[in-house]
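Heads up, the thing below is written out as C-alpha cells.
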There are 2 protein chains.
Amino acid sequence: MSTHLHHHTETHFSSSHTVRDVVIGMSDGLTVPFALAAGLSGAIDHNHIIVTAGFAEIAAGAIAMGLGGYLAAKTEAAHFYSEHAREVQEVEEIPEVEAEECAEIFRSYGLAKTETDLIVNAIRRDKKRWVDFMMKFELGITAPDPKRAIQSAVTIAGSYILGGLIPLAPYVFIPETHRALLLSACLTLVALFIFGYVKGKFTTNKPLQSGWQTLLVGGMAASAAFFIAKLVGG
Amino acid sequence: MSTHLHHHTETHFSSSHTVRDVVIGMSDGLTVPFALAAGLSGAIDHNHIIVTAGFAEIAAGAIAMGLGGYLAAKTEAAHFYSEHAREVQEVEEIPEVEAEECAEIFRSYGLAKTETDLIVNAIRRDKKRWVDFMMKFELGITAPDPKRAIQSAVTIAGSYILGGLIPLAPYVFIPETHRALLLSACLTLVALFIFGYVKGKFTTNKPLQSGWQTLLVGGMAASAAFFIAKLVGG
C-alpha cells in the first residue's frame, strides 16, 4: 500500500501545472530561436543580424506565450465560474432534470435503478455538494487557483527566455557564422536531449525515448527553417 | 429542457480538441512572426532579410508546435494506457484498497457509510466498469482518440502557417520597410481582433473582451520585439 500511495503522489506531481508550464515554455524556447538562428545562418552571413532577429524572437515568443498562458488561465477560471453559476441555478430551478443527469452518470456504470435512486437522493441532500458533484463528474472541471494565471505567465515566459538564450549565446560570442551555428547546434541538441529526458522522467516512464523525440523535433524544425531560409533568402 | 440540452452541446463543442488546436496554432502564428518582422523593421532596412527571417520562423514555429502537439497527444495516450494497466492490476490484486479509494470519493460528497457501501459493492460487480469508473472519477482521465495525435499536429501547424502569412505578406509585396510594417501592423491587429472575437464566441460569453485582449497581446509582443531589436541591432 505504501507504493500505491507513492504512485498517487507522483501522478499528482507529474500533471502539476508548473511542470506543464515549464514544458510549454522550454520546448518552444529551445526549438524556435535555435531553428530561426540556424535558418538565418543558411541565408545570411552577419551574426549581428542573426543575434538581433534571435533576441527579437525571444522577446516576442516569451511575451506571446506568457500572456497567452495568462489569458488561457483567466478564460478557464471564467468558464468555471459561469458554469458553476449555471449549475447552481439549475439545481435550484430544474432539480428534477439535474437529478436525472446525475442518475445517468451512475446508470452508465451499470448501477441498478434502486441503487441509483439512493445515491442521487443522498447527493441531493446538500445543494452545495450537489453542485460540486455535477461540476466535477458531469462537466469534469475543478475550481481554479486564483494565483494560477500570473504564475503561469511568469513560468512560461521565463522558461522560454532561458531556453532561447542557449542556442543564441554562440552567435553573440563567436564572430564567424558557421562556427557559431555548429556550436549552437551542438549545445542546443544536447540541451534538447537533457530537457526531453527530464520531461520524460516526470510525464512517462520512458525518459530516453522522450529525450530522443525532443531532440528530433528541434532538429527537424531547425532543418526545415534552414532550407526554407536558403530557398527564400539565398 | 431543450435550451438545457442545447447548452450541453455547446459546452462540449467549445472544449473540443480541434477548436483548442486552432487557437493554439493561430494565437502564436499571428503573434510571433508579426512581432519578429516588426522587431526587425526597427533595426534592419532590408525587406529581403525580414521576409527570410519571417519564413524561417514560420517553418520553425509550425514544425515545433505541430510536432509538440503530436508528442503531447501521444504522451497523453501513453499515460492513459499505463494508468489503465495499473488500475486493472490493482483491481485484481488489491481490490480492498481500490474499494476504499472508491468509497472515499463518495464519502467526500457527504454520503453515509451504508449508502457508500452499497454503491461501491454495485460498482465492484463488473471489473471492467470498475476500472473505467476509477479512471474517470479517481484519476480524471478519459480514453484518448487514436487519430488525435496526427490531427492535432496538422491542425496546429496549419493554423500557425495561416496566421503567420498574414503579417508577412506586406513585406513580400511592398519594397519599402516602414510602409510594409505599417500595413503589416494594421492587417495583423485587425486579424488578431477578429480571431480573438471568434475565439471568445466559442470559449466565453465575452467576444469583445476577448478580441481586445488578443489584439493587446499581439501589440505588446510586437512592441517588445521592436524595442529589443532596436537595442541589440540598432
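Worth a mention:
- Residues of segment B:33-50 satisfying the condition of being within 16 Å of A:ALA38 (Cα to Cα), within 8 Å of chain A (Cβ to nearest Cβ) and open to solvent by less than 20 Å² (accessible area, probe 1.4 Å): B:LEU36
- Any hit, segment A:148-155, residues being within 30 Å of A:ALA38 (Cβ to Cβ) and surrounded by fewer than 16 Cβ atoms within 10 Å (Cβ to Cβ): yes
- Tabulated pairs, segment B:67-84, first more than 15 Å from A:SER27 (Cβ to Cβ) and touching a residue at least 12 places away in the same chain (Cβ under 8 Å), second among the hydroxyl-bearing types (Ser, Thr, Tyr) and surrounded by fewer than 20 Cβ atoms within 10 Å (Cβ to Cβ), C-beta under 7 angstrom, 6+ apart or interchain: B:HIS79/A:THR204
- Only a single criterion out of (1) closer than 30 Å to B:GLY110 by Cβ; (2) modelled with pLDDT of 85 or more is not satisfied by A:ALA143, namely (2).
- With respect to the conditions (1) more than 7 Å from chain B (Cβ to nearest Cβ); (2) open to solvent by less than 40 Å² (accessible area, probe 1.4 Å); (3) closer than 22 Å to B:TYR109 by Cβ; (4) β-branched (Val, Ile, Thr), A:VAL88 lacks only one, and its number is (2).
- Odd one out for B:ASP132 among (1) at pLDDT 85 or above; (2) within 30 Å of A:TYR197 (Cα to Cα); (3) within 11 Å of chain A (Cβ to nearest Cβ): (2)
Yes/no per residue for (1) small (Gly, Ala, Ser); (2) open to solvent by 50 Å² or more (accessible area, probe 1.4 Å):
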residue	(1), (2)
B:GLY164	yes, no
B:PRO167	no, no
B:PHE173	no, yes
B:ARG179	no, yes
B:SER184	yes, no
B:ALA191	yes, no
B:PHE195	no, no
B:THR204	no, no
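- Subset of segment A:51-68 that is open to solvent by 10 Å² or more (accessible area, probe 1.4 Å) and within 15 Å of the chain's Cα centre (by Cα) - its residue that is farthest from the other protein chains (Cβ to nearest Cβ): A:MET65
- Under the condition of being open to solvent by less than 90 Å² (accessible area, probe 1.4 Å) and either among the basic types (Lys, Arg) or within 10 Å of chain B (Cβ to nearest Cβ) (or both), the residues counted in segment A:101-129 number 16.
- Top-ranked residue in segment B:206-221 [being among the aliphatic types (A, V, I, L, M) and more than 7 Å from every other protein chain (Cβ to nearest Cβ); ranked as farthest from B:SER184 (Cα to Cα)]: B:LEU208
The values are calculated or read from the model by the stated rules, or taken from the named source; none is laboratory data. If you're wondering where the values come from, they're calculated on a predicted model, not measured in any experiment. Here the Cβ is made from the backbone with ideal geometry for all residues, glycine too, and neighbour counts use every protein chain on show. Accessible surface areas use protein heavy atoms only, side chains included; no ligands, DNA or RNA. Shrake-Rupley method; radii C 1.70, N 1.55, O 1.52, S 1.80 Å.
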